[in-house]
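A short worksheet on the structure shown next.
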Amino acid sequence: MIDASGARPVDRARLRHRALPLAVLGCWLVWATLAWWTAPRSVDAADLERDLAAGRVVTLARAAGWEDRGPWGRRPEPRYAQHGSTVVWARPDGQFRYAYVPAPVPQGGSVEDATDPGPVTDPGPATEPGPGQEADPLADSRARAAVTRHGDSLADTLADAAALLALTIGVGWLLMLVAGPPPVAGSRWYWFWIGLLPYALGVLAWAWRERWRAEAPVTGTRGSGWRGFGGLVVGGILVSMAVAVLGILLGGYVVPGG
């Protein structure tokens, strides 16, 4: 294909090389937006009271913290517990919130947390709190519909979409790394370890260097597997520190979990 000015033919192979990293970046931006929006945000118990009063609680359950270990695309899951001290709720806007609200201790002694197989619990009939105790928000008449509601909320749907998109990015990158042309700046093992950096930052680095700038000559030593593993360890620490600092500077809403 030649343009009207008589310029040289368009390099279709070059266009394909440029289209791939742009597609990876586009998918990553969609994932990052969904993951950021649905990330659980820690708030005060007063925020739960305000959301209940305004009817902004779709689902509501108690948990004993969060299970957030695993690959970078895995969504945090509450560890549901009947008497957990963390109250988790989903809002109509597709966000998750949680607050520290200890469960009321029944008369006669403490109750051990009982693991619950899912987010739907039945708090039983509402009871008046004893002396020095706060009312259980799950037993609030305004919360009973949210506590017993079945099915996924908008927040669950968006979080699942983010997890599926993360899986697609990860699997697609791995297939291209294994079956594609040999990498230029490092070995396949080098990019395998770098690609495991948090938030898929290593996948973006691979797309930029090995696809967008594939024709650029290698400067210095070509990355080996051991070098990639070291980059994963050091890079993971630096990314975690950066997220923590940003969380302190910008707050928990802008940087959830930071």
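The values are calculated or read from the model by the stated rules, or taken from the named source; none is laboratory data. All values reported here derive from a predicted model rather than from experimental measurement. Counting neighbours? That spans all protein chains shown, and the Cβs are built from the backbone with ideal geometry, glycine included. Only protein heavy atoms, including side chains, enter the accessible area calculation; ligands, DNA and RNA are left aside. Shrake-Rupley method; radii C 1.70, N 1.55, O 1.52, S 1.80 Å.
Couple of notes before you dig in:
- Separation of the L175 and E215 label points, Cα + 7 Å toward Cβ, nm: 2.8
- Here the relative contact order of segment 166-249, from alpha carbon pairs under 8 Å that lie six or more residues apart, stands at 33 percent.
- C-alpha center-to-center spacing [segment 153-178, segment 195-258] in angstrom: 18
- Segments 153-160, 51-58, 210-217, 247-254 sorted - mean Cβ within 10 Å per residue, highest first: 153-160, 51-58, 210-217, 247-254
- Distance-filtered residues of segment 229-247 - backbone nitrogen under 20 Å, label point 7 angstrom along W208 Cα→Cβ: 229-244, 246
- The heavy atoms of W208 offer some 140 square angstrom of accessible surface to a 1.4 angstrom probe.
- Computed extension gain for L29 through D160, at 0.36 nm per residue and net of the alpha carbon distance, reaches 45.6 nm.
- A Förster radius of 51 Å combined with the Cβ-Cβ distance from V239 to A53 puts the calculated FRET efficiency at roughly 0.85.
- Cβ-based net charge around L177, under 13 Å, with every Lys or Arg adding one and every Asp or Glu removing one: +2
- Sequence-distant residues sharing a close amide H with G223 (under 5 Å, placed H): G186, S187
- Remark: the S224-R69 segment gains 53.0 nm on full extension, using 0.36 nm per residue and subtracting the alpha carbon distance.
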